[in-house]
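Worksheet: one structure, shown below.
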Amino acid sequence: MDIEVLSRVQFAFTASFHYIYPPLSIGLGVMLVVMEGMFLKTGNKTYEIMTRFWIKVFALIFGIGVATGIVMEFEFGTNWATYSRYVGDIFGSALAAEGIFAFALESGFLGLLLFGWNRVSPKVHFFSTVMVALGSMFSAIWIVVANSWQQTPSGFHIVGSGLKVRAEVTDFWAMVFNPSAVDRLSHVLVGAFLAGSFLVLSVHAYYLLKNRHIEISKKAFKLALLVATISGLLQLLTGHNSADGVSKNQPAKLAAFEGHYDSLKVADMYLFGYVNQEKKTVSGLKIPRGLTFLLYQNFTTPVKGLDAFPVNDRPKQINAIFQVYHLMIAIGVAIIALTLLAVFLWWRGKLFKYKWLMAIFSYSVLLPQLGNQMGWFSAEMGRQPWVVYGLLRTSNALSKAVHADQVLFSLILFTLVYTLLFALFIYLLNKKIKHGFDEHDEQPIPEFSKRNNPILN
């Protein structure tokens, strides 16, 4: 196989596997803040019990997320040496900021979060929970900033020539606030809030179906439903803003999203369909002139199509991009519909009356995960053939000394190791969920006092 294809497949596989965990840790961090905040506000021990349970799940997700993320940094140096040299100054500053402002903050307070119960005051423990949640978000900020710079480069100049050419930062804040950074970051963070809240919804819906931990699960389910509903509606706004930014900064990508070829025509918005790349046509269910209206608030302005770009500057797999993009939107709509239905039933006092609804929610954890993955596939596949948009082609970013058989061998090994790691994660998570809340956790927990706090003694 072609080394470029193999290298892209390998990085896509490792990145996709890693991306299961950061959204969960970010979203679950927010849920921990909400749960523990409710405990401090109400004094109801039920909220402390659920917080203790979910902290253990958070620790599992955090640990595997860190382990799987390290691999990608090594891949930059093995498979993508030219790319690493080109973006090293840009990524170096962003990743250093992540280490200083994000990972250090998150890991520094993680010990208090895990082991601080009855050792520090409730307010200090809550502060550590907030810091861990903020640390996970700060980590996302710098990773998205680095990735967004690849999509919309700014605040740099090019130095060197030949194999030594590289981008060098000239304005750090222009690099950070590149044209797509804020829109993409808000979209990613809201997707993470959905991932974390739907994990909580799924687990507690399972408990309700099994008639276990009824009081705790009803309270946890309602808290998660509020976060999920607000996040789902926010995702509409952030998604629109992100698409609007793509239309300005990466019009070829937007045209690929909708399979729009003719720059002289207005653009329809497809609910689903199929792109025939040979005939340059799309068949399916559509809203006539819908994309034109969303972009320009009228039905007459033409939208730049793929024919406005040289063939070598367009993405190759238009139909694949079209499908993953529309699958992402379909999942987003399903999330909004499901959460609004649950809120309506809550308002009617019938939220926990229907077993079929709890059964749906018990499997709903898959929706945000699939939506987040499809979103990243859309963004990265739509950027092709550029690894740094308009500057460095993916075909030119490869390592010169690596051969296809080496990449294939490492891909097979990664697949085996990651499969085992994922099986271990599912086993441990399933074991924890089926075990439920510890018996002593459901007993009254002693009030905080100086007597049982060695830090204050």
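Just so it is clear, none of the values below were taken in a lab; they were calculated from the coordinates. Just so you know, these numbers come straight off a predicted model, no measurement behind them. Positions of Cβ are backbone-derived with ideal geometry, glycine not excepted, and every protein chain shown enters the neighbour counts.
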Region 260-279, residues that are crowded, with 19+ Cβ neighbours inside 10 Å and farther than 25 Å from Ala337 by Cβ
His260, Tyr261, Val266, Ala267, Val275
Before we move on, is Val333 surrounded by fewer than 21 Cβ atoms within 10 Å (Cβ to Cβ), free of Cβ contacts under 8 Å to residues at least 40 places away in the same chain and assigned to a helix (DSSP H, G or I)?
yes
With the first residue restricted to region 146-162 and required to be farther than 22 Å from Met72 by Cβ, and the second required to be assigned to a helix (DSSP H, G or I) and not hydroxyl-bearing (Ser, Thr, Tyr), Cβ contacts under 6 Å at 6 or more apart or on different chains are Ser154/Ala174; Gly155/Ala174; Gly155/Met175
Is at least one residue of region 295-309 farther than 24 Å from Thr238 by Cα and in a loop (DSSP other than H, G, I, E, B)?
yes
Region 113-131, residues that are assigned to a helix (DSSP H, G or I) and either among the acidic types (Asp, Glu) or more than 30 Å from His187 (Cα to Cα) (or both):
Phe115, Pro122, Lys123, Val124
Qualifying residues in region 171-188 (those that are surrounded by 23 or more Cβ atoms within 10 Å (Cβ to Cβ) and aliphatic (A, V, I, L, M)) - the one nearest to the chain's Cα centre (by Cα):
Val188
Any chance you could count how many residues in region 202-219 are more than 23 Å from Gly375 (Cα to Cα), touching a Ser or Thr at 6+ places or on another chain (Cβ under 9 Å) and touching a residue at least 60 places away in the same chain (Cβ under 8 Å)?
9
Just one listed residue, out of Ser231, Ser247, Ser217, is among the hydroxyl-bearing types (Ser, Thr, Tyr), part of a helix (DSSP H, G or I), surrounded by 21 or more Cβ atoms within 10 Å (Cβ to Cβ) and under 22 Å from the mean Cα position of the chain (by Cα), and it is Ser231
Looking only at region 79-93, filter to residues that are more than 14 Å from Leu163 (Cβ to Cβ) and either of a type in the set (D, E, K, R) or assigned to a helix (DSSP H, G or I) (or both); which one of those is nearest to the chain's Cα centre (by Cα)?
Phe91
Across region 271-299, what is the number of residues that are polar (S, T, N, Q) and under 21 Å from Asn241 (Cα atoms)?
3
Going through region 2-22 one residue at a time, which ones are of a type in the set (Phe, Trp, Tyr) and in a helix (DSSP H, G or I)?
Phe11, Phe13, Phe17, Tyr21
Just name the residue that is surrounded by the fewest Cβ atoms within 10 Å (Cβ to Cβ) out of those in region 336-375 that are outside any helix (DSSP H, G or I) and either of a type in the set (A, V, I, L, M, F, W, C) or touching a residue at least 12 places away in the same chain (Cβ under 8 Å) (or both).
Phe352
Somewhere in region 192-201, is a residue in a helix (DSSP H, G or I), closer than 30 Å to Leu60 by Cβ, of a type in the set (S, T, N, Q) and in contact (Cβ under 8 Å) with a residue 24 or more places away in the chain?
yes
Pick from region 264-280, criterion in a strand (DSSP E or B) and within 14 Å of Leu306 (Cβ to Cβ), ranking: farthest from the chain's Cα centre (by Cα):
Asn276
Regarding region 132-151, can at least one residue be identified that is assigned to a strand (DSSP E or B) and under 24 Å from Ala379 (Cβ atoms)?
no
